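Structure first, then comments.
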Amino acid sequence: MVQRSLAQVLREYDGRVRLVFKDRPLAMHTLARPAHEAARCAGAVGKYWPYHDRLFEAQPRFRRGDLLAYAGELGLDTDAFARCLDERRFAADVERDIDQAQALGINSTPTFLINGQRVVGATSVDEFRAAIDRALQERR
Amino acid sequence: MGTAASYSRSVQGLSRCADRSPRVYYSSMWLIFLLLALVIAARPARALAQIEITWSPTMVRGHSTAPVTIVEFSDYQ
């Protein structure tokens, strides 16, 4: 739902808005952290966003086999992907994002910072538009 | 018996406050408010100064010169 709203505002404000994704797996979601690390493994071979979108579609099926299957669907080398996942190559990067979120007091997801302006929770297209328009006006 | 003893201590406490000079009382209150205000004002400034958000270029969608940046902290699960 939120992902659809985001995709729509990115299309509408093409060239004026960019989106940065930060990992904030919550401790209670035991399968989330491997999923975040897997997305970064996909990113290392240039497939971050397709894998990111696939994870949101597949939510919450994030067992190891699922994560490897999604990599296979996207045409990634599944052996190399499995090694990346098993070695937890991007664990420290995910941890760094979590530390930054905690330092900012971000404890619920999703939380958005729109040019620094905090918007928390399931956000509609209209709410995004209002926040973006405000940010654009402040830039003038 | 217990109730009576408590009541007696409470009255003693109130009368001690009443004996204090009003000027001393109000100036301490202002000092406390001032200190609280300083602590509250200092906290966000310190937070902004210390927290730097970094990101991987692979995790960015859209043009790098876009005037608006949405930073999404999210959980796949």
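Rule-based calculations on the coordinates, nothing more; no lab input. Predicted, not measured: the structure shown is a model, and the values here were computed from it. With ideal geometry, Cβ positions are generated from the backbone for all residues, glycine too; neighbour counts draw on all protein chains shown.
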Fill in: Intensity falloff of chain A expressed as log10 I(q)/I(0), Debye formula with alpha-carbon point scatterers, at q = 0.14, 0.17 Å⁻¹
-0.72, -1.00
Discussion item. Taking amide H atoms as placed 1.01 Å from N in the peptide plane, list the residues 5 or more away in sequence, or in a different chain, whose amide H sits under 5 Å from that of A:ARG61.
Written reply: none
Worksheet item: In the stretch A:14-114, what GluC sites (Glu not before Pro) fall in a loop by DSSP, with at most 11 other Cβ atoms inside 10 Å?
Response: A:GLU87
Discussion item. Please compute the contact order of the stretch A:25-105 in relative form: average sequence separation of alpha-carbon pairs under 8 Å and at least six residues apart, divided by the residue count, as a percent.
Written reply: 35 percent
Fill in: Largest-first principal axis extents of the Cα set of the stretch A:52-131 (Å)
44, 28, 19
Discussion item. Can you tally the net charge around A:GLN117? Count Lys and Arg as +1, Asp and Glu as -1, for every other residue whose Cβ sits under 11 Å from the Cβ of A:GLN117.
Written reply: +1
Worksheet item: For B:ILE53 and A:GLU12, FRET efficiency with R0 = 30 Å and r from the beta-carbon atoms, rounded to 0.05?
Response: 0.75
Fill in: Around A:LEU10: net Lys/Arg minus Asp/Glu count, Cβ-Cβ under 13 Å
+2
Discussion item. What distance in nm lies between label points placed 7 Å from Cα along the C-beta direction at A:ALA69 and A:ASP126?
Written reply: 3.9 nm
Fill in: Net charge of neighbours whose Cβ lies under 9 Å from the Cβ of A:ALA101, counting Lys and Arg as +1 and Asp and Glu as -1
-1
Worksheet item: Tell me, what HN-Hα J-couplings in whole Hz come from the Karplus equation 6.51 cos²θ - 1.76 cosθ + 1.60 at θ = phi - 60° for each residue of the stretch B:59-66, using x for Gly and Pro?
Response: 9, 10, 10, x, 7, 5, 9, 4
